[in-house]
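Report on the following structure.
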Amino acid sequence: MRNFFRELQRRKVYTIGVAYVIVGWLLLQVADTVLPIYDAPEWVLRTFTTLLFLGFPVALVLAWIYDLSNGKIVRTPDEPEPAMDDIIELPTGPSIAVLPFRNLSSDSDQDLFADALCGDIVSGLTQSSHLFVLSAGATAGMGEEDLDAMETGAKLGVNYLLKGTVQKSGNLLRVAASLMETTSGVQIWSQNYDRELSAENLFIIQDDIREQIVATLSDLHGVIYSTQAHRNVHRPTNNLNAWECLSVALAYDKYISRENHLRARESLERAVDIDPEFDEAWAHLSWIYTDEYVYGFNPLPDPMERALAAAQKGVRLAPGNYHNHWLLSRVHYFMGQRDLFLAEAQNALDLNSSDGTTLGLIGMYMAFSGDWDRGLAMVEKAKLLNPNFPDYYHLDTGCGAFVKGNYQDALDQMLKANLVDFPLFQIILIATYARLNRSEDAYRQLEDLQRIQPGTTREIALQILQKMFPFQPEFVEDVMGGLAAAGLDSGR
C-alpha cells in the first residue's frame, strides 16, 4: 500500500487532481455568473456541473497513464529497478530482534516497566559495534503469544530473537530473558534476574538488568559472538566472508596461544583483503600484531609499527567506534606512551562505558599502568556485567593481590584463570608459589613453562614482564625475585 501511494506521487496524480478541482470550481463560478445573463435554461448549468464531476476520475486515470513534460504528452514510464549501486547492502554480521517483554503479573503497572526495560535493551544493543539491531517498532505486538522462532526470524530477517517476561510477587521482581537462534529454533541462552523492588530503586533495577542483558549478549565475550566464533573457528579461512573472519579472530582473546594467534592473524588479514574499509578488522589486527611483540607469538618484522598503523586506520575509518579507540589505547600502552594510552582509553569509555569487554580490558591495562584500585574495580564490574568473561580477568586480580603481598589470594585467582598455554600466567604463577614457599609446585610450573615456551631463561622472562608491565618496575622486580627463588636458570 505504501508503494502504491508513492507511485501516485511519482506519476503526479495528486497534483493533477488538486489542479482539476481548483479549475473546475472556478469554471462553475464563471458559468453561474455568465449563463443567467444570456437567459440560458437551468439544465445547461446542471449538465455542465455533471460533466465536470464525471471528468474528475477520467483526469486521474489519464494522469496515471500520461505525463505532461516539457509541453508534450508522453506515457509515464514504469518506475525503474534500482541500480546495484543504490541497493543498501544488508549486514553480514549477526542481527537481532527484541520482542516486547510480557507482563505475567496481575499488576498492570508492570506493563510500563516491561515496555521501558525492552526499549532500554534495544537502545543498549544498538551501541554494539558488531550487532545489527531491528528497531523496536518492527516487533510491536509480537510478544502477545508464543511465536515460532524460525518463522519469526525469517519474517524479520534476523539471526537471533530475544524474548522476556516480567513478573512481580509482593516486593520480589523477576525478569526472565532468553535468546533463540532463528536458523535452528534452539534456545542458546536464558537467565532469571531477581530483585527486591521498591519505589526508590525501580530505575536502578531497570538500569542494572538492562546493562547485564546487553553485556551478556553483545560484547565481544558475549553469547552471540561466542556462538558465531564457535561456528566459524574450524572452517577454512578462504571460505569465510569478512565478518566471519573477524569472528574467528575474536576466539583468540578467550583462548590465547601461539596456534590461535596465527589463526587470528590469517583471518584478520583476509578480512581486510576482502573489505579494505572494515574498520574493526584493522583495529583488531593491531591486537594480533602487538602480541607478536609482547609474547613472541609468530613474530614478523616491525610488529609495533604495524600495530600502530592498523589501529590508527581503524579509528580513522570509524572514529565513533569505541572498540577501535581502546584497541589504539592498547598499542600506546605497549609502546610505553602512558598519556596517550589514558587519553584513548577515556575516548572509548566516553563512547560506551557499559560494554563489558571495553570496561574489563581498559581496566586491566589501567591497573597494570599503576592505578590498581581503579583498574581492578573496572574489571570487577565487567565480570558482573557479563559472566562469560575471559579467564585472564582472574590473572589481573591475581596480579593485584601479588602487588599487595597477598600471595595466597593471588594464587587462588591464578588457579581460577588456569591459562596453561600462556607464558605470562606461568611466570607469575611460578613466582607466587615461590613467595608461598611451595618449591615443589614452583618447580612443576617451571617445567610447564619450558614445555610451552622452550628455552625460556630468566632474561626472556624479564623481557616478557617488562613488555607487559612497562610502568611497574617494582612489580617486575618482585616477580623476578620469585622466579630466582623458584630456581629459574639454577639448573635444578
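The values are calculated or read from the model by the stated rules, or taken from the named source; none is laboratory data. Remember, it's a predicted structure, so these values are computed and weren't measured experimentally. Neighbour counts are summed over all protein chains in view; Cβ atoms, including those assigned to glycine, are modelled from backbone coordinates with ideal geometry.
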Q | Boolean, Gly481 is in contact with a Lys or Arg (Cβ under 9 Å, 6 or more places away or on another chain), over 20 Å from Leu419 (Cβ atoms) and surrounded by 13 or more Cβ atoms within 10 Å (Cβ to Cβ) | A | yes
Q. Tally time: how many residues in the stretch 158-188 are in contact with a Leu (Cβ under 6 Å, 6 or more places away or on another chain) and loosely packed, with under 14 Cβ neighbours inside 10 Å?
A. 1
Q. Within the stretch 419-434, can one find any residue that is in contact with a Ser or Thr (Cβ under 8 Å, 6 or more places away or on another chain) and either among the hydroxyl-bearing types (Ser, Thr, Tyr) or modelled with pLDDT of 95 or more (or both)?
A. yes
Q. For the stretch 172-228, what are the residues that are in contact with a Pro (Cβ under 9 Å, 6 or more places away or on another chain) and β-branched (Val, Ile, Thr)?
A. Thr216, Ile224, Thr227
Q. Which of the residues that make up the stretch 300-310 are surrounded by 12 or more Cβ atoms within 10 Å (Cβ to Cβ) and in a loop (DSSP other than H, G, I, E, B)?
A. Asp302
Q: Taking only the stretch 246-260 into account, find how many residues are free of Cβ contacts under 8 Å to residues at least 12 places away in the same chain and acidic (Asp, Glu).
A: 1
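Name the residue that is farthest from Gln453 (Cα to Cα), counting only residues in the stretch 415-441 that are polar (S, T, N, Q) and surrounded by fewer than 24 Cβ atoms within 10 Å (Cβ to Cβ).
Our first condition is that a residue be polar (S, T, N, Q); within the stretch 415-441, this holds for 418, 426, 432, 437, 439.
Of the ones still in play, those that are also surrounded by fewer than 24 Cβ atoms within 10 Å (Cβ to Cβ) are 418, 437, 439.
Working: Asn418: 16, Asn437: 24, Ser439: 21 Å.
Only one residue fits best here, namely Asn437.
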**Q.** Test result for Glu259, closer than 26 Å to Tyr295 by Cα, among the charged types (D, E, K, R), part of a helix (DSSP H, G or I) and at pLDDT 85 or above
**A.** yes
